[in-house]
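K.L.:
Please see the structure below; I have some questions.
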Amino acid sequence: MSDFFAHETAVIDDGCQIGNGTKIWHFSHLMPGCILGEHCNIGQNVVISPKVVLGKNVKVQNNVSIYEGVICDDDVFLGPSMVFTNVINPRSAVNRKNEYLKTHVGKGASIGANATIVCGHNIGQFAFIGAGAVVTKEVPDYALVVGNPAKQLGWMSEYGQRLEFNEEGVAVCTESGEKYKIDNNKVSKI
């Protein structure tokens with residue numbers, strides 16, 4: 001049995017796995033078969049559907065619904081009222097539960113307030129999705145994307161700082177001092 005906190009108004013169905021140190025706040029609902037890692041923080045009015053997997057230290061802000069097919073790695077930030085979808089062409093009168101598409105959010109990625117992630121498009125590690133963005137395609141590691149539809153504006157460090165690459169393709173994070181290399185339009189920490 002794990003040691004977690006759940007507000008008295010939270011609904012936690014049987015069959016959830018919840019890691020130690022996780023906090024679940026007001027009016028949130030965890031459905032059967034979801035898995036939450038250690039030290040997650042689940043804000044108010046959050047719904048986590050069956051088979052959703054959240055890694056360690058995932059922060060889910062208020063009013064987020066995480067639907068079946070979503071997997072978030074460790075240290076992911078999901079901003080207030082951001083949205084995941086799980087069916088490309090939903091219709092009330094047509095049952096498409098067998099058509100759920102998967103969305104994987106990589107380690108350390110941040111998704112801003114009111115952003116929408118259209119299902120079947122993965123978010124790379126340490127990517128940064130701006131507030132209100134609508135993601136309709138894959139997002140590379142360390143990418144900064146904004147707008148509707150989301151377009152890449154640049155690259156971000158693991159600390160969430162904009163990276164500016166020199167002629168040799170090297171950038172230094174202004175906050176951490178860590179160095180990054182861009183090669184063939186792919187960024188890695190060096």
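K.L.:
Pull up the DSSP beta bridges for the chain and report the antiparallel fraction as a percent, rounded to 5.
P.N.:
Antiparallel: roughly 30 percent of the beta bridges in the chain.
K.L.:
Excluding residues on the same chain fewer than 8 positions from K51, give the lysines whose Cα lies under 21 Å from its Cα.
P.N.:
Answer for K51, where 21 Å is the Cα cut-off: K23, K59, K97, K102, K107, listed by chain and number.
K.L.:
Related question: Given a 10 angstrom Cα cut-off, can you work out which residue in V76, V170, V53 is the most mobile in a GNM of the chain?
P.N.:
Its mean-square fluctuation being the largest, the pick is V170.
K.L.:
Let me ask another. If each of N95 and T174 carries a label point 7 Å out from its Cα toward its Cβ, how far apart are those two points in nm?
P.N.:
For N95 paired with T174, the spin-label model returns 5.4 nm.
K.L.:
In Å, what Rg and Dmax follow from the Cα atoms of the chain?
P.N.:
Answer for the chain, Rg first and Dmax second: 17.3, 56 Å.
K.L.:
Now a separate question. Using the Cα atoms of region 92-190 to build a convex hull, what is its mean projected area in square nanometres?
P.N.:
Averaged projected hull area, Cα only: 7.5 nm².
K.L.:
Only residues of region 3-40 count here: report those whose backbone N is under 19 Å from the spot 7 Å along Cα→Cβ of K102, or say none.
P.N.:
33-37
K.L.:
Right, another one. Using square roots of five times the C-alpha gyration tensor eigenvalues, list the equivalent-ellipsoid semi-axes of region 51-132 in whole Å, biggest first.
P.N.:
They are 22, 13, 11 Å, listed largest first.
K.L.:
Give me a comma-separated list of calculated 3J(HN,Hα) values for region 145-154, in order, Karplus coefficients 6.51, -1.76, 1.60 applied at θ = phi - 60°, integers in Hz, x for any Gly or Pro.
P.N.:
With coefficients 6.51, -1.76 and 1.60, one gets 10, 9, x, 9, x, 5, 10, 6, 9, x Hz.
K.L.:
Given H placed on each backbone N at 1.01 Å, which residues far from W155 in sequence or on other chains put an amide H within less than 5 Å of it?
P.N.:
Here the answer is L144, L163, since their amide H atoms fall under 5 Å of that of W155.
K.L.:
Also: Determine the distance separating the Cα centre of region 14-85 from the Cα centre of region 151-170; give it in Å without decimals.
P.N.:
Each part's Cα centre sits 29 Å from the other's.
We did not get these values from a lab; they are worked out from the coordinates using the rules stated. A quick note: this is a predicted structure, and the numbers were derived from the prediction, not measured. Note: ideal-geometry Cβ built from the backbone for every residue, glycine included; neighbour counts use all protein chains shown.
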